[in-house]
Amino acid sequence: MRLSFKRIGAAVLALGILPGIAVAGSKNHHSFKIPQYFAPHKHKFQKVDSLADAAKRSHRLVGSAASYNLLTSDEVYAEILTSEFNYITPENAGKWGPLQPNSPDEWNFDAHDEMVAFAGENHLAYKGHALVWHSQAPSFINDDLTADELQGLIDQHVNTTVTRYSKEIRAWDVVNEAMGDDAQYRDSVFYRKLGPDFIANAFYAAKSADPTATLYYNDYNIAGMNAKSDAVYNMLKDLKDAGVPVDGIGFQMHLTAASAPSYDELVANFRRFAWLGLRVNVSELDVRISDLPWDYQTNLAIQRQVYHRVVSACMAVRRCESVTTWGINDQYSWINYTFGPDAPLPWDENYGRKPAYYGMLDGFMRLAPDASDLPNLVDNSNFEGGVAGWSAWAGEIQHVRSFGRHRSNVLLLSERSENWSAAAYDLTDKVIPGQTYDVSASTKLTWKSPADTVELNTKVVCEGGEAQYNNLEVSVADARRWVELSGVLEVPACELSEVTVFVGGPQSGVSLLLDEVVVRPQVLVPSSDGYGDNLVSNPYFETGTEGWFGFGAAVVGISNDTVKSGAQSAYVSGRSDTWQGPATSVAEGVIAGDIYDMFAWVRVEGAASWVGATVKVSCADGDQFLGITGANLEADTWTLLRGSVQLPDCDLSDAVLYVEGPDAGVNLLLDEVYFRRDNAASDALDQVDDGNLHPNGGFELGTESWSSWGGTLGTSSDLIHSGAASGVLANRTANWQGPVFNLLSVAVPGGEYEISAWSMVQGASQDTLSITVKTVCEGEPESYNQLDAQLVDSVAWTRLSGSIVLPSCNLTEASLYFAGPEAGVDVYLDDVVILGSGVEAQNLIANPGFETGTEGWQSWGGNLQAVADEAHSGAQSGLLSARTGDWEGPVYPITDIVGPSGSYAISAWIKIAGATTAMTSITLKTTCEDGTEYYNWGGEVEVNDTGWTELAGNVPVPPDCVTVSAVLYFGGPAQEVDIYIDDVVATIAHPGDSVEGNSNLVTNSGFEGSLDGWVSWGGNLALSTDLVYAGDYSAVLSNRTGDWEGPVYSLLGAVDAGASYAISAFTRISGSSAGTEPVSITVKVACDDGSSEYLWGGQVSAVDSDWTELAGSVTLPSCNLTEVSMYFGGAAQAASIYLDEVSVTAQ
């Protein structure tokens, strides 16, 4: 494997070939040399041009996690890495698993050797990551080892790896994440076998192997002052007191913008570790913004504040020596495939600098972090890294050093040929129509210029209107001192064509300097896309406390001193119990059964506290208290609380939103409170709740849940029967082609259904359209049942209707479709309604509510009992306590219930004790007669300790599996967190085996002559003629650097949301010393609400001597799908994966 780079505009240079496997202790990695593609940094004192320039001036390191794959394939990535940073950490190549993927007796240092050499040639300091970590360890590191064997393997790995790079690598993350989220030592194989001594032993071994290296302990969720950071502090203090050679602490800093620690808290936390004699290292910085409710540009500006805050905190602590971002651009961030789509890094997907980049620059240049809670929308407001984003009207702009301004780079506007010449910044995409912004800028004239007029102005153009020029302030400036100009920009409520802020004013020929430009919203207005009106009548408290009152003894007043935005916030005092707090009615306009989005800025005085938001709803049968969200808040810092809640579908007489949680006597502040309908989520519910079984009969959710037999399916807003959209099938080439809906997704065998729809045509004055249902019973011929046929025209909508009783058989297909018009005629469809109760699904759980104790239930670990103190319904629930691992949970065997294939809908109500929130998941473990075990994941949800949360999902049963054991289990929370469970339901979602004769949805299943439709996540994907299962070709993925890397095929557009699919392929491996490797099927799905998940489809042990069939199934979520990526991975990185005869068919 070779590492190659290409300088922009230069030719690609070849590298020397490395040996395939480096033997432990050998020095072969010194026998090659990577050419230097980029010149060393030349840091200029006059001004800075990069993060590396700014960091060097501040005597700090600025780094990035570096991906070996991207270094070898993406020249822009490599250029940014070498020009913007002076420090790198290998993202994966240096971890124990990739270095020893197969056995304790062999190493694969190839990729890591090349990265170390690359860093040296490009003058980048290097930190190794991570020597001892419970995750991404080799498979031979397990509980089967004795304590002595495990310690011996740790010592061998540390000594071999660190010795190999002695005096080449500046630092090491020696131990990573040894502390659990519960502030106790993590329940890892290292701790179970060796106790906490494995930590000290690892540091001793590393120091012995390279006495010159700086040795770090590294962990996450320790950025602020909390129980976990306290535990890490105490652990490191004990290690230092004992003489263990720990040199530094790595704060991973995976933050969310909504709850990131304040500057003061970061500084205080850094300092206490520094006072232990430790170096401080911000080691894995990224900042998530997907939870913020505002528009994208505002969210980016808030993200910039957090990046600035973190770097400034490092600058404030002398022993803080580096800041490392965990990646460069958003496209390749680990956040996207772990938490869902986001934008957490300083560069966007196209490698454009984001506001976060300029926040980092400002921090390194010692500009104070933004004191306002409201963000500045000007990306490059201080010009520390250039003048990007700015333009000149009738002049030239330059980036210059202002020697009279401490540590400041500024914009120079010169060559002004007109009196109106100005420096301008485009705000069109950053401001919101109808909102108000505070604007300011600092300016002065250049040396020896006489005093002259300077102006701060704005230009606003509404679509189709004339330009409006507004003068915000006029003043007189000279060359001696800076003048601040300020004013208020009131954006008209129109469709904006242009909004520009510009600074000018002096006579032509006079040059001016510009700095510290600010455009700040007076209030934050959330994005309204997809949401209804705010039901909180007084969200900003600008007119007092009207509409608000205190629950219990709480008193709601006004604060003018501490506000999030505007001039006032709510101040809540007099609380005598935890449940007391500010409350307001949201009953007016609320709709029973719908889903609501809630958020608010909250602040607690004097003491860190847990704060939660709750809605009290009053129904005819009594009151319900529904927990919405909650978080641990640090003292005296504004924190965003955000969550959603579904109201009960009842005769709702009142709904009161309130905030609660802190101890009695703790005062609260509240600002910007929103409670609004989630339109998409609620509308989807409504379409089922009104009796219509079709989840998208009106095409209001696009083409979600629809497919087509031929033609091009889309939506239309021009021809509609009701609502805002209809469905249209164009480009039809035969009369049988039409829109299709999988009736089995909502119906069951033996059920009776009435079906109706409204239709019209275009491309003909009239034509005949029919409703037909195609059914297939297992082992029997297919049947076509025409329900109705009508002559429809191109002018008015025509209603079609009919009814059908589905056959009572093992029904493998029931497809509802609309066809009949001649080829070339477009079919329009709207308001499709499916009515019928069908056959009520039987709950397969005999004791769902624990009303008969724990009968039928088991547990994997812990102590399971039925209790009466907590119940979602009835008199009892199940409680699993005394858990010692996050995988331990309640278990229900269903071996005698499950069929040989199909899928099951599972739901349960969950509550926890011992933690505020935790993730809980559903899994079906199936063991087949041949010994193969499948773990099919059914989904997860965040649960809490204040109310019951429903966990629901579908789990597939592997096809062609003679089941000898099948159990449902519920796990996920950290050990020692108690799990309450109640009202468990398991029903058949999709019965039967995969459909015989169903068409294969993979259009290039045999790779006969091409890789069309296939890509790879990592590695090199190519055709093979040497090893084939059928035909003349197969596909092979080689040069893999992670076990997750594999061939990928997109199924988007070929599959239906909510449907189940059988997947199979023939696979084999090569390059594995063991001769066998696990190969698995996974399907990554993403929805338009930003959520994503990875669906496990099954696994098989592939061998290097023959082809093995890999088979499984997945059930897709019922959402508007934006990604459906099927991939095959799992084998150790050294192994190549061969693939042939891939099949995906509907179940």
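Any read-out appearing in this document is the output of simple, stated calculations on the displayed coordinates, not a laboratory observation. Just so you know, these numbers come straight off a predicted model, no measurement behind them. Reconstructed Cβ throughout: ideal geometry from the backbone, glycine too, with neighbour counts over all protein chains shown.
Provide Rg and Dmax in Å for segment 1014-1146, with only Cα atoms included in the calculation.
Both quantities, over Cα of segment 1014-1146: 14.6, 45 Å.
How far apart, in nm, are the 7 Å Cα→Cβ label points at Gln842 and Tyr784?
A separation of 3.6 nm, rounded to one decimal place.
Take the alpha-carbon centre of segment 798-828, take the same for segment 338-379, and report the distance between them in whole Å.
Each part reduced to its Cα centre gives a spacing of 53 Å.
Which whole number of Å³ per residue matches the convex hull of the alpha-carbon atoms in segment 390-521?
Convex hull volume per residue, Cα atoms: 97 Å³.
How would you rank Glu265, Glu415, going from fewest to most other Cβ atoms within 10 Å of each one's own Cβ?
In increasing order of surrounding Cβ atoms, one gets Glu415, Glu265.
To one decimal place, what orientation-averaged projected area in nm² is obtained for the convex hull of the Cα set of segment 564-657?
Averaging across all directions leaves 6.8 nm² for the Cα convex hull.
For segment 153-232, what is the Kirkwood hydrodynamic radius in Å, using each pair of distinct C-alpha atoms?
13.4 Å
Quick one, can you get me the convex hull of the C-alpha atoms of segment 691-835 expressed as volume per residue in Å³?
93 Å³
Give the peptides 847-859, 511-523 in descending order of average Cβ contacts within 10 Å, highest first.
In descending order of packing, they fall as 511-523, 847-859.
For Lys459, list the aspartates and glutamates whose Cα falls under 12 Å from its own Cα; do not include residues on the same chain fewer than 8 positions away.
Within the straight-line cut-off, Lys459 pairs with Asp426, Glu490, Glu498.
Provide Ser708, Ser1005, Ser585 in ascending order of the number of other Cβ atoms located within 10 Å of each residue's Cβ, fewest first.
Least crowded to most crowded, the residues run Ser585, Ser1005, Ser708.
A 29 angstrom limit on the alpha carbon distance is what I want to check against. Which of Lys56/Lys448; Lys127/Lys430; Lys167/Lys193; Lys193/Lys925; Lys564/Lys1084; Lys430/Lys564 exceed it?
Violating the 29 Å Cα-Cα cut-off are Lys56/Lys448; Lys127/Lys430; Lys167/Lys193; Lys564/Lys1084.
Per q in 0.05 Å⁻¹, report the Debye log10 I(q)/I(0) for the chain, using one uniform scatterer on each alpha carbon and no solvent.
So the normalised log intensities are -0.38.
Could I get the Rg over Rh figure for segment 800-883? Both from C-alpha atoms, Rh via Kirkwood, rounded to two places.
1.29
Once amide H atoms are placed 1.01 Å from N in the peptide plane, what residues at a sequence separation of 5 or more from Ala1059, or on another chain, have their amide H within under 5 Å of its amide H?
For Ala1059, whose amide H was placed from the backbone, the distant partners under 5 Å are Leu1116.
Take peptides 916-926, 173-183 and line them up by average Cβ neighbours within 10 Å, highest first, as a rough protection proxy.
Peptide ranking by packing, descending: 173-183, 916-926.
Can you grab the distance from the C-alpha centre of segment 942-984 to the C-alpha centre of segment 602-627, Å, no decimals?
27 Å
Taking the beta-carbon count within 10 Å as an exposure proxy, list Thr146, Thr446 from fewest neighbours to most.
Lowest to highest Cβ neighbour count: Thr146, Thr446.
Based on Cβ point charges of +1 for Lys and Arg and -1 for Asp and Glu, what charge dipole magnitude is obtained for the chain about its Cα centre, in debye rounded to the nearest 20? Don't skip to the end; give the middle numbers.
Details: 61 positive and 146 negative charges, 1192 e Å.
My answer is approximately 5720 debye.
State the Kirkwood hydrodynamic radius of segment 39-364 in Å, one decimal place, computed from all pairs of distinct Cα atoms.
So the Kirkwood estimate lands at 20.0 Å.
Hey, can you rank 289-297, 763-771 by average C-beta count inside 10 Å, highest first?
Descending mean neighbour count gives 289-297, 763-771.
So who's got an amide H within less than 5 Å of the one on Ala664, skipping anything under 5 residues away but keeping other chains? H placed 1.01 Å off N, in plane.
Here the answer is Thr578, since their amide H atoms fall under 5 Å of that of Ala664.
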